[in-house]
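What follows is calculated from the coordinates using simple rules that are stated; it is not laboratory data. All figures in this text were calculated on a predicted structure; none of them were measured in a lab. Here the Cβ is made from the backbone with ideal geometry for all residues, glycine too, and neighbour counts use every protein chain on show.
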Amino acid sequence: MIEVQHLTKRYGRVTAVDDVSFRVEPGEILGFLGPNGAGKTTTMRILTGYMPPSEGRATVAGYDVFTQPIEAKRRTGYLPETPPLYPDMTVREYLDFVARIKGVSPGDRRTRVDAVMKRAHVDDMASRHCGKLSKGYRQRVGIAQALIHNPEVLILDEPTAGLDPKQIIETRDLIRGLAGDHTIVLSTHILPEVAQTCQRVVIINKGRVVAVDTPDNLTARLRGAETLYVQVDAKGPHVIAGLQKVPGVTRVAPADQRTDSGAFEVESERGRDIRRDLAREIVTRGWGLLELRPMRMSLEEVFLQVTTEEVEAAPTPSETEAMVEGEVPHA
Amino acid sequence: MRNVMAIAERELRSYFASPMAYVIIGFFLLPFGVFFFLYLNMFVRNSMQMGQFGGGSQNVNQQVIRYVLQNASVIILFIMPMITMRTYAEEKRSGTIELLLTSPVSDVEIILGKFFGALGLYVAMLAVTLLYIGILFVYGSPEWKPIISAYLGLLLMGAAFVSIGLLISSTTNNQIVAGVVTFVVFLLFWIIGWFADSAGPTIGPITSYLSITEHFDDFSKGVIDTKHVIYYLSLITFGLFLTAKSVDTERWRG
């Protein structure tokens, strides 16, 4: 449905997108994951025909976005980062205008506007001015706008940004409900969002594709190592050595690099609970167990880990998987 | 064409949805009314004097309508930047330009839509001034043909202003910058005509040819000269063409 080949976009000397290639199958939801400034928005803007690529090509529904832009745009719905609303129009007027320029026939316009308002749950705001809507409603009107001409392809740039938790869940449900009829590409920097909504994930960093993976593999990578935070009433390298002797421990590091506070991060093999053994070891050695709690790797950390890897070329999922594990020095 | 209509309609509606249109029309009609009063007053006094001396005839077309509309052309020069400054700049600032550029409409359709939208407000503004002219028809009998020609001239001149304003608005995302630059450019187009007398025989005709308001003079007298029509039409085309180029450049630059 969507095919991106060797897409490159340069702004002057800055390369925003560097040789990005991926495919999206019909009916699939593809997550586009990356830190801010990774090139997500630029890639999406190229896909929607907002700007041309410097190199490479992209086709949407079989039409080249650069040489056949009108045909490609007819089949694409796009929600930009900021919903493109005209503040002085009411929601209904606005959607009617969008329907007109998206080529919805005059006879169908009313039914389409009603349908998307219902679908995006904005029908109660039909006669409210767009400029007076809350952030959540603005976002939803943006989604309604993208759906108005029933496009085959939906491109959503951070559809849940700025929404409250309830709205986020509603929006995710909405997006999931759209899959099948529509092929969806959505960008986000929120990891669980990808796991919950997408069938496949493209991780992009500094304009390059770092990994293409299913969310299952991604979450597996997330759980790659179980980490515990341990604080004991003892100091020195012998503590590290002692902790490392506990069966199942793969790595021990001081929690605070600068001061030797007796706090350590203890990583263990996946799926193995070492807390009991660890506690017993500490107590029998008489170090005084002050604190022991599981450390969830924060999303930011996982993200940093995935996106700061030095990669020459975009690796296959299995390679990336191997690299992440390879980074963990075994004791 | 349907897309052009849709965009033009939205543009026009957004002028009237905000105080914008009313402020602009009001600020145009106020000085227009003052000029109308002054010239009419003068005309009435002159007529009375002429009548006392028992000779000569006064022409309301030449002595009221012509001067009022000539002055109006200068007011328009001041008002027009306010109409055109937001066209592109505001859409770029608010991000709605992304909607237009990712919709199945061509750049030309967007530009023409905006052009006709702004022109629509201008026409509405001119239409109100017909009330003043109507008053003359009630109390006198002016000729209607020179009036048509004068309004045609105003329309063409306004369209030329709009196309240049559109071009300037498309180069920035700050409507204040767009407005100020547009105003200065229009001002230059006006005062360049003043150099005509002092610039000598070679440059003089060129500067007076470039002056936008100079070309309106014949229209206000009731003369439709193709020279002037072509001048305005070419200026409109030139402005719209450059706007298309500017939009395209912006797109490549990202």
Fill in: Rounded tilt (10° steps) of B:175-191 against the dominant C-alpha axis of chain B
40 degrees
Response to the item:
Distance in Å, no decimals, from the C-alpha centre of the range A:69-83 to the one of the range B:90-149 is 30 Å
Practice prompt. Please report, in debye to the nearest 20, how large the charge dipole of the protein assembly as shown is about its Cα centre when each Lys and Arg carries +1 at its beta carbon and each Asp and Glu carries -1 there.
Written response: 1280 debye
Item to complete: Kindly provide log₁₀ I(q)/I(0) values, in the same order as q = 0.10, 0.11, 0.16, 0.17 Å⁻¹, from the Debye equation applied to equal alpha-carbon scatterers of the range A:2-221.
Response: -0.42, -0.51, -1.08, -1.21
Worksheet item: Dipole of the protein assembly as shown (Lys/Arg Cβ +1, Asp/Glu Cβ -1, origin at the Cα centre): which of B:Val229, A:Pro159, A:Val185 lies farthest to the positive side?
Response: B:Val229
Worksheet, complete the sentence: Per the C-alpha gyration tensor (a ≥ b ≥ c, the square roots of its eigenvalues), the range A:19-70 is rounded if a/c is under 1.5, else prolate if a/b beats b/c, else oblate; here it's oblate
Worksheet item: Once the Cα atoms of helix B:200-210 and of chain B are each reduced to a long axis, what angle between those two axes, in degrees from 0 to 90 to the nearest 10, is obtained?
Response: 70 degrees
Worksheet item: Across peptide A:3-10, how many C-beta atoms of other chains are within 10 Å of each residue C-beta, on average?
Response: 0
Discussion item. Greater than 19 Å separation of Cα atoms is the criterion. Which listed pairs, A:Lys132/B:Lys114; B:Lys145/B:Lys221; A:Lys73/A:Lys132; A:Lys40/A:Lys166, meet it?
Written reply: A:Lys132/B:Lys114; A:Lys73/A:Lys132; A:Lys40/A:Lys166
Worksheet, complete the sentence: To the nearest 20 debye, the range A:2-221 has a Cα-centred charge dipole, built from +1 on Lys and Arg Cβ and -1 on Asp and Glu Cβ, of 440 debye
Worksheet item: For the range B:2-253, with only Lys/Arg (+1) and Asp/Glu (-1) charged at the beta-carbon, what is the dipole magnitude about the Cα centre, in debye rounded to 20?
Response: 240 debye
Fill in: Surface/4 of the Cα convex hull for the range B:54-171, nm²
8.9 nm²
Worksheet item: Which is farthest toward the positive dipole end of the range B:2-253 among B:Phe161, B:Gly204, B:Met20, measuring Cα position about the Cα centre, with Cβ charges +1 (Lys, Arg) and -1 (Asp, Glu)?
Response: B:Met20
Item to complete: Rank A:Ala144, A:Pro106, B:Pro31 by how far each Cα sits towards the positive end of the charge dipole of the protein assembly as shown (+1 on Lys, Arg Cβ; -1 on Asp, Glu Cβ) and give me just the farthest.
Response: B:Pro31
Item to complete: Work out the mean other chain Cβ neighbour count within 10 Å for the residues of B:7-17 and drop it here as an integer.
Response: 3
Worksheet item: For helix B:2-17, what angle does its Cα long axis make with the longest principal axis of chain B, in degrees from 0 to 90 and rounded to 10?
Response: 70 degrees
Worksheet, complete the sentence: Dimensionless Rg/Rh of chain B, both radii on Cα and Rh by Kirkwood, sits at 1.03
Worksheet item: Which order do peptides A:228-241, B:39-52, A:55-68, A:178-191 fall in by mean Cβ count within 10 Å, highest first?
Response: A:178-191, A:55-68, A:228-241, B:39-52
